[in-house]
Amino acid sequence: SNFILANAQVRRGFPIVYCSDGFCDLTGFARTEVMQKNCSCRFLCGTETSEPVLQCIEKVLDSRQEYQTEVCFYKKGGAAFWCLLDIMPIKNEKGEVVLFLVSFKDITESRGKGHPGDKKEEKQRSKKPGSSHLRAARRQGRTVLHRLSTHFARRDGSEMKINRNVFENKPSIPEYKVASVEKSRFILLHYSIFKALWDWLILLATFYVAVTVPYNVCFTGTEDSLSAARSTIVSDIAVEMLFILDIILNFRTTYVSHSGQVEYDPRSICIHYVATWFFVDLIAALPFDLLYIFNVTVTSLVHLLKTVRLLRLLRLLQKLDRYSQYSAMVLTLLMSVFALLAHWMACIWYVIGLKEIESNDPVTWDIGWLHELGKRLEAPYINNSVGGPSIRSAYIASLYFTLSSLTSVGFGNVCANTDAEKIFSICTMLIGALMHAVVFGNVTAIIQRMYSRRSLYHTRMKDLKDFIRVHRLPQQLKQRMLEYFQNTWSVNNGIDANELLRDFPDELRADVAMHLNKDILQLPVFETASRGCLRSLSLHIKTSFCAPGEYLLRQGDALQANYFVCSGSLEVLKDNVVLAILGKGDLIGADLASKDQVIKTNADVKALTYCDLQYIGLQGLCEVLQLYPEYASKFAADIHQDLTFNLREGSEMEVGVAGSSPDLLPHPQPRSDGGAGPEQPLPRIVEDEEEPDEVFQRS
């Protein structure tokens with residue numbers, strides 16, 4: 001994890017364009033102190049550093065070759081450490097060396113334990129390109145580059161990564177080129193068409209279970225009913241197999257994490273599924289119907305155990321949000337739930353009538369609704385158990401009664417006669433009244449209340465499309481506008497924080513602003529600021545968003561703000577030369593200019609991935625510093641050190657002069673980085689304007 005990347009196409013100096021956090025921890029230098037310095041690392045030299053080794057390193061860089069050696073470097077605090085230095089040139093797809101990957105490994109302890117007489121032999125052996133030590137270090141360096149490459153998402157849905165032949169045993173040079181996103185062949189995308197169709201199939205299977213399980217529990221008490229139940233054994237087992245297969249697929253289906261990123265890692269997917277829906281799905285998929293195949297006597301207890309499959313209905317709640325934007329789908333689901341409730345109550349109504357007949361009560365057994373139905377159909381019950389209407393007629397009569405009771409007060413042709421039946425009828429009518437009041441009478445209010453934010457989204461999206469159509473914007477510009485709108489909405493859900501907090505008192509607004517902007521306010525440049533100064537600054541901080549391929553700033557623009565990168569990656573370009581690669585925690589902008597002076601930018605800033613940014617306007621910053629003059633001088637002195645890259649025109653010359661100063665050296669050793677030097681173009685790897693793959697889309 002200790003490495004730097006340097007621009008290999010600048011003829012002189014090979015400036016550093018990226019350094020890892022591990023390198024900063026190892027050397028004690030901050031990223032702002034390392035950027036744009038010479039990758040020969042003379043700023044790490046001291047009295048014990050071998051000058052011939054440094055000259056050899058510079059010679060290898062000029063010839064763009066691989067090299068590995070052991071050298072004594074010094075940390076910023078002056079402490080010496082032995083380092084295994086590995087230099088690897090990185091080619092683009094044209095075969096040109098565009099970057100140097102320089103990795104550092106602290107070997108102070110292992111070198112101290114080794115025998116002094118073996119050091120010269122180890123050094124000679126380490127230089128052999130075929131040695132196992134060199135191959136191991138090279139493989140480790142390529143792995144580091146491969147991990148770093150995931151930050152460079154391109155607009156065609158690809159990532160920057162190493163070529164396949166890097167992982168072979170032969171000592172080949174890694175390539176800096178475009179390749180497709182790596183994911184397992186057996187990982188299923190949660191937004192794919194197949195997954196959407198599969199979810200609909202599982203939803204239909206869930207409704208099938210919700211209908212058949214209560215029916216089998218209540219209506220399969222006789223031999224004829226048992227044979228009827230056996231007739232559905234094929235469909236029941238098919239549904240069970242679907243549920244089991246759904247569990248297997250869920251272990252290989254991507255999901256959106258809390259941070260809004262799509263998770264492809266199989267281990268993370270398994271942990272997430274086990275922690276959420278696995279046990280519910282597992283209980284609902286228990287294969288009770290296999291008992292029929294082995295001719296096991298099926299009792300009513302087994303049918304009652306099968307009611308645990310109704311837990312699959314909880315999955316329906318998970319999908320309501322997905323279908324919530326479709327009004328017709330919501331009404332369909334509501335009607336389906338209403339019909340399902342009527343079906344369940346019909347099953348209970350039949351059981352109540354059957355128990356009244358089987359109770360042998362001389363007062364009530366012959367006045368129950370089921371007994372009355374049998375007499376009307378000329379199929380009366382004999383000896384309290386034999387005879388009676390068919391199961392089909394009894395179910396239809398039960399469903400007719402429950403639906404008429406839920407939707408109205410009934411018609412009296414199927415009525416409650418016994419006390420138990422009357423109590424159930426009262427409950428049914430209360431539930432029917434509740435269904436009318438909550439569902440049918442307030443369907444419009446429910447939809448508006450649940451989807452008001454989504455309705456606002458569709459309204460604004462329609463306005464945007466109308467604007468594009470009226471002004472006849474080109475397709476490319478239209479796509480960029482739509483993509484930006486969709487992604488900014490996914491970040492803030494259409495909520496304007498400034499508009500929301502406008503009516504709150506200044507004290508409360510300042511506290512909320514300090515919490516929202518705590519990352520940028522924790523920068524070292526603000527450490528000496530008073531709490532009052534920080535509260536004033538927080539009110540001037542705004543948030544911004546940048547999509548891959550979009551330019552945050554263009555060369556020559558008037559700089560209006562300093563930007564802090566909250567997440568994502570950006571690159572600084574000048575004449576198609578990569579000057580710096582910015583990531584989370586970096587500050588980019590300019591120091592304060594004199595009054596009424598316009599600051600012009602000296603480079604382009606382009607987003608590589610989706611980036612969340614916070615920025616503070618230079619005008620607002622100057623207003624706050626005027627209120628706190630005791631902090632203004634300290635800020636003006638410290639801002640140079642905290643800027644990862646200074647965008648003010650003319651700052652390159654100042655950096656070049658400062659680069660020759662030995663003040664930052666841990667030991668009095670002459671420095672030869674000499675600034676960035678003349679710059680040669682670094683070819684851009686991807687400049688297309690295609691849409692990003694959904695792997696980079698936010699949830």
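The values are calculated or read from the model by the stated rules, or taken from the named source; none is laboratory data. Fair warning: this is a prediction, and the values are worked out from it, not measured in the lab. Please note: Cβ atoms are built from the backbone with ideal geometry, for glycine as well, and neighbour counts cover all protein chains shown. The area values use the complete protein model at the heavy-atom level, side chains included, leaving out ligands, DNA and RNA. Shrake-Rupley method; radii C 1.70, N 1.55, O 1.52, S 1.80 Å.
Suppose we look only past 17 Å in the calculated P(r) of segment 563-639. What percent of the Cα-Cα pairs does that tail hold?
The proportion of pairs with Cα distances above 17 Å equals 54 percent.
Let me check something: with ligands and nucleic acids excluded, how do 527, 240, 58 order by accessible area (1.4 Å probe), largest to smallest?
527, 58, 240
Treat each spin label as a single point 7 Å out from the Cα along the C-beta direction, and report the residue 386 to residue 467 distance in nm.
8.3
Take every DSSP beta bridge whose two residues both sit in segment 498-646, then give the antiparallel share in percent to the nearest 5.
95
In nanometres, what is the gap between the two model label sites at residue 355 and residue 554, each 7 Å from Cα along Cα-to-Cβ?
Going by the 7 Å Cα→Cβ label model, 7.9 nm.
Could you quote the convex hull projected area for segment 591-630, Cα atoms only and averaged over all directions, in nm²?
Orientation-averaged projected area of the Cα hull: 4.2 nm².
If you project the alpha carbons of segment 459-520 onto their three principal axes, what span does each projection cover, largest first, in Å?
Computed over the Cα atoms, the extents are 46, 25, 15 Å.
So what's Rg/Rh here for segment 498-646, counting alpha carbon atoms and using the Kirkwood radius for Rh?
Rounded to two decimals, Rg/Rh equals 0.96.
With each pseudo-label sitting 7 Å past Cα toward Cβ, what's the residue 597-residue 188 distance in nm, one decimal?
6.3
On the first, second and third principal axes, largest extent first, how far apart are the outermost C-alpha atoms of segment 3-110 in Å?
Here the Cα extents, ordered largest to smallest, are 42, 28, 24 Å.
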